[in-house]
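The values are calculated or read from the model by the stated rules, or taken from the named source; none is laboratory data. If you're wondering where the values come from, they're calculated on a predicted model, not measured in any experiment. Neighbour counts are summed over all protein chains in view; Cβ atoms, including those assigned to glycine, are modelled from backbone coordinates with ideal geometry.
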């Protein structure tokens, strides 16, 4: 791929962990987009499918999640066969002087109908931004809740767009479920298709403690293996039913070459601080 997901989960616009233009629309896969309630369509789409309710991505327009975002500057630990055994495995200490932090908000801004391959999907439009942001050209990402999972439908801003239907989270979930599909992401300059090498549910009900409360969570593990960094990135995402994403962790690992010890480090952590679900 030659590119990483730095801005997908880490930049100040939250374009995910997610993947994902109305004023200047560059069509992909014969796509169109319009405001919900627009009766003046000239689309070729024949079928319209509604947005199903999904407990892992709950809520309607006006729903929001606010997070504390921690960045880690420490060099990391020697890789001695680290394995995930719950959140405690990361040995995170936010008071050790190696972390900086920021706050941001993700909200369901509105609903829009997106046409892909002769089908119109009713999508929730999410946007994410630091609390002190003044830039109006935010990246927005579209999600559609299908009856078999949550789909990333694309990304757009005021000047660019790319739409593509890709399975983001299989649902219902049980431990051991895995899936593969391409999703739209951005490097901060352009939108393009990307595929994780691993998407897997590794736990069904792990308890995560946050400033917003304690939540039983499904844990979704993803891996990215870029060609230009000499290692790989692991993502651990914690979704609680009827709440949504309550925590995520990004871990970087350099495998040990012959005769040399490898190492790993935690790059960033997102933790839910408050939320409001509108049904």
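If you go through the stretch 174-192 and keep only what is part of a loop (DSSP other than H, G, I, E, B) and touching a strand residue (DSSP E or B) at 6+ places or on another chain (Cβ under 6 Å), you end up with 175, 177, 179, 181, 182.
The set of residues in the stretch 171-192 that are under 24 Å from residue 139 (Cα atoms) and surrounded by 16 or more Cβ atoms within 10 Å (Cβ to Cβ) comprises 181, 182, 183, 184, 185, 186, 187, 191. Residues in the stretch 102-115: is at least one in a loop (DSSP other than H, G, I, E, B), touching a strand residue (DSSP E or B) at 6+ places or on another chain (Cβ under 9 Å), surrounded by 15 or more Cβ atoms within 10 Å (Cβ to Cβ) and modelled with pLDDT under 95? Among the residues of the stretch 102-115, not one is in a loop (DSSP other than H, G, I, E, B), touching a strand residue (DSSP E or B) at 6+ places or on another chain (Cβ under 9 Å), surrounded by 15 or more Cβ atoms within 10 Å (Cβ to Cβ) and modelled with pLDDT under 95, which makes the answer no. Among strands (runs of 3 or more DSSP E) entirely within the stretch 125-171, having at least 1 residues that are within 15 Å of the chain's Cα centre (by Cα), on the phi > 0 side of the Ramachandran plot and modelled with pLDDT of 95 or more singles out 149-156. Scanning the stretch 219-235 for residues that are at pLDDT 95 or above and closer than 16 Å to residue 180 by Cα yields 220, 221, 222, 223, 224, 234, 235. For the subset of the stretch 244-262 comprising residues that are touching a strand residue (DSSP E or B) at 6+ places or on another chain (Cβ under 6 Å) and in a loop (DSSP other than H, G, I, E, B), which member is modelled with the highest pLDDT? My answer is 262. Considering each residue of the stretch 199-217 in turn, none proves to be surrounded by 15 or more Cβ atoms within 10 Å (Cβ to Cβ) and modelled with pLDDT under 95.
Against the condition in contact with a helix residue (DSSP H, G or I) (Cβ under 7 Å, 6 or more places away or on another chain) and either surrounded by fewer than 17 Cβ atoms within 10 Å (Cβ to Cβ) or in a strand (DSSP E or B) (or both), how does residue 271 come out, does it pass? So residue 271 does not fit the description; no. Restricting attention to the stretch 81-101, which residues are farther than 30 Å from residue 138 by Cα and in a loop (DSSP other than H, G, I, E, B)? Result: 81, 82, 83, 84, 85, 86, 91, 92, 93, 95, 96, 97.
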